[in-house]
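In what follows, a single structure is set out as structure tokens and then discussed.
The values are calculated or read from the model by the stated rules, or taken from the named source; none is laboratory data. None of these values were measured; they are calculated from a predicted model. Glycine also receives a Cβ, built like all others from the backbone with ideal geometry; neighbour counts cover every protein chain displayed. Side chains are part of the model used for accessible areas, which takes the heavy atoms of the whole protein and leaves out ligands, DNA and RNA. Shrake-Rupley method; radii C 1.70, N 1.55, O 1.52, S 1.80 Å.
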Number of protein chains: 2
Amino acid sequence: MENRLIDQDVLYEESLEKILAYLEEKKYFKARDELLRFNEVDIAELLEEVTEEAGLQKTVILFRLLPKDVSVEVFSELPSDDQVDIINEITDKEIDYIVTEMDFDDKIDVLEELPANVVDKILEKTPKSERKLINTFLNYPDTCAGSLMTPDYISLQKDWTVARALEHIKKEGMDAETVYTCYVKDTGRKLIGIVSLATLVITDDNVRVKDIMRTDFVYENVYEDQEEVAEDFKRYGFLAIPVVDNEDRLVGIITVDDILDVMEEEATEDIERMNGVIDWENSDKDYLDISVKQHVLNRLPWLIILMVAYVFTGMIITRFEATLSQVICLVAYMPMLMGTGGNTGSQAATLIIRGLATDEVDTSDALAVLWKEVRVGFVIGVILSAINFVRVCWIDGNGVMVALTVCTAMLFIVMFAKIIGSMIPLLVKKMKLDPALIANPAISSVSDIVALTIYFLMAMLFLHL
Amino acid sequence: MENRLIDQDVLYEESLEKILAYLEEKKYFKARDELLRFNEVDIAELLEEVTEEAGLQKTVILFRLLPKDVSVEVFSELPSDDQVDIINEITDKEIDYIVTEMDFDDKIDVLEELPANVVDKILEKTPKSERKLINTFLNYPDTCAGSLMTPDYISLQKDWTVARALEHIKKEGMDAETVYTCYVKDTGRKLIGIVSLATLVITDDNVRVKDIMRTDFVYENVYEDQEEVAEDFKRYGFLAIPVVDNEDRLVGIITVDDILDVMEEEATEDIERMNGVIDWENSDKDYLDISVKQHVLNRLPWLIILMVAYVFTGMIITRFEATLSQVICLVAYMPMLMGTGGNTGSQAATLIIRGLATDEVDTSDALAVLWKEVRVGFVIGVILSAINFVRVCWIDGNGVMVALTVCTAMLFIVMFAKIIGSMIPLLVKKMKLDPALIANPAISSVSDIVALTIYFLMAMLFLHL
């Protein structure tokens, strides 16, 4: 028997080459068999590479040679461009099969991305009842629980025995991810309990569902924000969470595999916001697929807002122009002081914003945070001041008074920047806004203004200007 | 019947108050019953609040009144401080029960956090065979697959029928999260296939396991980095992935619920690194639990490295001191030009670093990225220059030549910053390092140096200085 556990990346690369070689020689069945050594996710990725290397026509041929059940899964995994191309190339009967067999949540994902004419083509093939459901699902806002859920779940009656429940599951027999938790509803479709397949399998056949179902389950409203849903998954470690409408009726379930994508999306959003990029379109498009125009629109707002902040730094400098022209060497330390203030402020802001996002820090911790940052700022400030004293005094040879100006300014700037950087996110959170929206650029420009003011005050103090 | 689906947050707050009131009146059983309306995760959190509000003693009493199976789960969910306190307060028999019943992966998590003397106390109660296993598990590095896995999985024989397999699962009957995928090993303990509980339940009783098991499964090596493991979960949407040792023997499985934490940890690490905070201890400690000393050590390195970069900006300014003192108003625009360069550079860097982390961008896309950033930079540069022309010329009244100096500098600075910000992360990735390590502070200081140089060159050009 072949050793299965060879390096999967190596296997992938070798197979891709083999497949391309087979296609070159028009040995389509051999190429197909090579593909089938992989699971559906990898097959989809291999087909993408085939399209790139050998053209769409070859991909379509290979796709049509796949066993039908595999082709449905592979289709859901393909990027939407390839889906459109394939839909346009295959027969109506094949489309029919894919549309009928695709999981409901995959179908929603696919439909959300496809152009209108292809969506119509697919909806045509869908039974009327399902078409209505699809339209409802497509109408949920993009980032709420409703847009993540699937209506494919197992319903049990509370008076059924375990044996009957298992029989029912066997008959309904659906996708792995949706079958592991079963839901018990009352006559008004209201959710009253959940029971896991694991519990059913290990419980005696004649026990009743109502005696083993859990009633302390967690659920989400269809309009709950996806970030909150992800929080609940993380908190409780569930594989699926039921979703109810405003009348508490069970309308679908969310499975954990979709949450992994949500978590990545939300982390990306936070990271971008913290660094001054606003994704207006809430798109999950790849960097390279976003147009130049959209990139500009995403980045320009903060840069323009900060322009206004720089008017203040400009004013402060103009106000002290006379001072500066007297001791022009002070200008040389301006970038360092402002830069260090900005950097050290965004370090603090980053830790607090992330702490708020992961529930490690809360607005009620404000005093504890302040006390910590004051001490951290003091220690860092003293160390950086000491380094700079040596530099300004001995290396640059600018004299003790200039060194004292730069170093006391450094100490105060670092401490103020730490305080500003840590307190502003807490304040924004207190105002019920997303702290990540107070991007680090904003923290740096506030600390720039503070830094310049402190610097010139110290110059007045020590140099009597 | 009571309406179950009331707002869960409200329920939680109300119950906490009730529990505290009951404890006040020493009605422990009533408090216990109120607790039991919740699931284990919430009970643990309620107990934490009880400790804070009413003292440890009350928590211990409540904990001991919990049904035994609930208390084990609750114990695993408590923060380690509370675990230590409880271990010290309860009887050996109670410890015994908790230690025996806890899931293996929870036990590892608990032991990793507890102080040595408590660990000894727990290990004493553990059977010798398991103690050896625990020691092996505790020795895997903190961020590899081995540290995430549990040895609690279901093994099946390939020649078993489905009926026998289900019987076996019923007998082994373990935790939900570990039972949904079963593993088939050959005689040498090498993994040869996997089969999901869903498949077993919907397949006829007399079919053999080998005929329904999947052999195209994905697996991880025990020493695989946890970030890669998380990638695989996201890519394939699995609920569990098997882990093999260097001889391809199955040693454990990783379940998706542990991956949610890993994803959050990795996102936090990236966010911190990008903003110049290095977590040397790789700790998952909360912000407030990290000591001042450690906070200083985590933040100081970048600040000191950047000090060196500022020596260059200082040198450039000193070199042009004569120029500056002639047209002192040029100083007023320095913070704006340097700040905008830094901000726009980190926008680009952020998008590329995140794109690399989520596999949206690859080093082979360098040219496409460059072309996109040049265009984005040009558009943004032109817009910001236009705004500044108005400001410098009409609002500040500094004349056309100064305005031209500032505006052409702005255009070039934005374009260069976009190029630097996008290319440096790709370069770092090419060198097989983590692009997030090239923190945004580094990008800003490189762009500071570029910005000053461009600015003074433009001043020489337009003002003939």
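General observations
- Of the solvent-accessible surface of the range A:146-215, computed with a 1.4 Å probe over protein heavy atoms with every protein chain present, carbon and sulfur atoms account for 42 percent.
- Annotation for B:Lys27, label-to-label distances across the other copies: 8.0 nm (shortest first, one decimal, point 7 Å from Cα along Cα→Cβ).
- Solvent-accessible area assigned to carbon and sulfur over the range B:219-357 amounts to 52 percent, based on a 1.4 Å probe.
- Translational diffusion coefficient (Stokes-Einstein; Kirkwood radius from C-alpha pairs) of the range B:93-155 at 10 °C, 1.306 mPa s, in µm²/s: 131 µm²/s
- Debye, to nearest 20: dipole size of chain B, +1 on Lys, Arg Cβ, -1 on Asp, Glu Cβ: 2220 debye
- Protein heavy-atom accessible surface, 1.4 Å probe, per residue over the protein assembly as shown: 43 Å².
- Net charge in the neighbourhood of A:Glu89 (other residues with Cβ under 11 Å of its Cβ; Lys, Arg +1, Asp, Glu -1) is -2.
- The angle separating the long axis of helix B:68-77 from the principal Cα axis of greatest extent in chain B is about 20 degrees.
- Computing FRET efficiency as 1/(1 + (r/R0)^6) for B:Lys190 and A:Trp280, where r is the C-beta to C-beta distance and R0 is 51 Å, gives about 0.45.
- The accessible-area loss of the range B:351-366 on complex formation, taken against its chain alone with a 1.4 Å probe, reaches 20 Å² or more at B:Leu351, B:Arg354, B:Thr358, B:Glu360, B:Val361.
- With the cut-off at under 15 Å, measuring from each backbone N in the range A:247-277 to a point 7 Å along the Cα-to-Cβ line of B:Glu227 picks out A:268.
- Residue (of B:Val382, B:Ile420, B:His464) at the positive-pole extreme of the range B:315-465, dipole from beta-carbon charges: B:His464
- Rounded to the nearest 0.05, the FRET efficiency derived from the C-beta distance between A:Lys158 and B:Tyr28 at R0 = 41 Å is 0.80.
- Starting from the label point of B:Asp289 at 7 Å along Cα→Cβ, the same points in the other copies fall at 4.0 nm, in ascending order.
- Positive minus negative residues near B:Met336 (Lys, Arg vs Asp, Glu; Cβ under 14 Å): -2
- Per-pair calculated FRET efficiency, R0 = 30 Å: A:Asp142 and A:Tyr236 via Cβ, rounded to 0.05: 0.80
- Only the Cβ atoms of Lys and Arg (+1) and of Asp and Glu (-1) were treated as charged; on that basis the dipole of the protein assembly as shown about its Cα centre amounts to roughly 3020 debye.
- Ligands, DNA and RNA aside, B:Leu197 has an accessible area near 0 Å² when probed at 1.4 Å.
- Between the C-alpha center of the range B:62-133 and that of the range A:362-432 there is a gap of 44 Å.
- Protection-proxy order for peptides A:233-240, B:150-157, B:439-446, A:426-433, each taking the mean of Cβ atoms within 10 Å per residue, highest first: B:439-446, A:233-240, B:150-157, A:426-433
- Fraction of the pair-distance distribution of chain B above 41 Å, Cα-Cα pairs, percent: 43 percent
- Taking every C-alpha pair closer than 8 Å and separated by at least 6 residues, the mean separation divided by the residue count of chain B gives a relative contact order of 10 percent.
- Where rotation carries B onto A, the chain B residue whose Cβ is nearest that axis, in whole Å: B:Ala267, 2
- Helical runs (DSSP H, four residues minimum) scored at -39500 (n - 2.57) apiece and divided by the length of chain A put the mean residue ellipticity at 222 nm at -21000 deg cm²/dmol.
- Sites excluded, GluC sites (Glu not before Pro) in DSSP loops with at most 10 other C-beta within 10 Å, longest stretch of chain A: A:26-246
- Size of the range A:114-195 from its Cα atoms: along the principal axes, largest to smallest, the extents are 48, 26, 23 Å.
- Ranked by solvent-accessible area (1.4 Å probe, protein heavy atoms only, all chains present), the residues B:Trp302, A:Trp371 order from largest to smallest as A:Trp371, B:Trp302.
- Between A:Glu113 and A:Leu370, the modelled labels are 4.9 nm apart [label points 7 Å from Cα along Cα→Cβ].
- Each of B:Leu166, A:Tyr12, B:Val369 was scored by the projection of its Cα onto the charge dipole of the protein assembly as shown, and the greatest displacement toward the positive side belongs to B:Val369; charges sit on the C-beta of Lys, Arg, Asp and Glu.
- For the pair A and B, the buried accessible area comes to roughly 11200 Å² in total, with a 1.4 Å probe and the value rounded to the nearest 100.
- The same position A:Tyr223 in the other copies lies at 5.4 nm from this copy, comparing label points 7 Å beyond Cα toward the beta-carbon, shortest first.
- Average beta carbon contacts from partner chains per residue of B:41-50, 10 Å cutoff: 1
- Close amide H contacts of A:Ile192 (hydrogens built in the peptide plane, cut-off under 5 Å, sequence separation of 5 or more or a different chain): A:Val184, A:Lys185, A:Asp186.
- When each of B:Lys107/B:Lys190; A:Lys18/B:Lys432; B:Lys158/B:Lys185; A:Lys26/A:Lys58; B:Lys107/B:Lys132; A:Lys27/A:Lys58 is checked by Cα-Cα distance, pairs over 19 Å: B:Lys107/B:Lys190; A:Lys18/B:Lys432
- Normalised alpha carbon radius of gyration of the protein assembly as shown [divisor 2.2 N^0.38 Å]: 1.05
- Rule-of-thumb Rg ratio for the range B:319-389 [Cα; 2.2 N^0.38 Å; N residues]: 1.50
- Rounded percent of accessible protein surface that carbon and sulfur make up, the range A:1-100, 1.4 Å probe: 46 percent
- DSSP-defined beta bridges in the protein assembly as shown - what % are antiparallel, rounded to 5: 75 percent
- Selection among A:Val331, A:Val222, A:Thr143 by position relative to the dipole of chain A gives A:Val331 as farthest towards the positive end (Cβ unit charges, Cα centre).
- Unit charges on C-beta of K, R, D, E only; dipole of the range B:1-154, Debye: 820 debye
- Fully extending the segment from B:Asp245 to B:Thr363, taken as 0.36 nm per residue of separation minus the present Cα-Cα distance, adds 39.3 nm.
- The reciprocal of the average 1/r between distinct C-alpha atoms defines the Kirkwood hydrodynamic radius, which for the range A:355-450 equals 14.8 Å.
- For the range A:229-304 versus the range B:148-163, the gap between their alpha-carbon centres in whole angstrom: 36 Å
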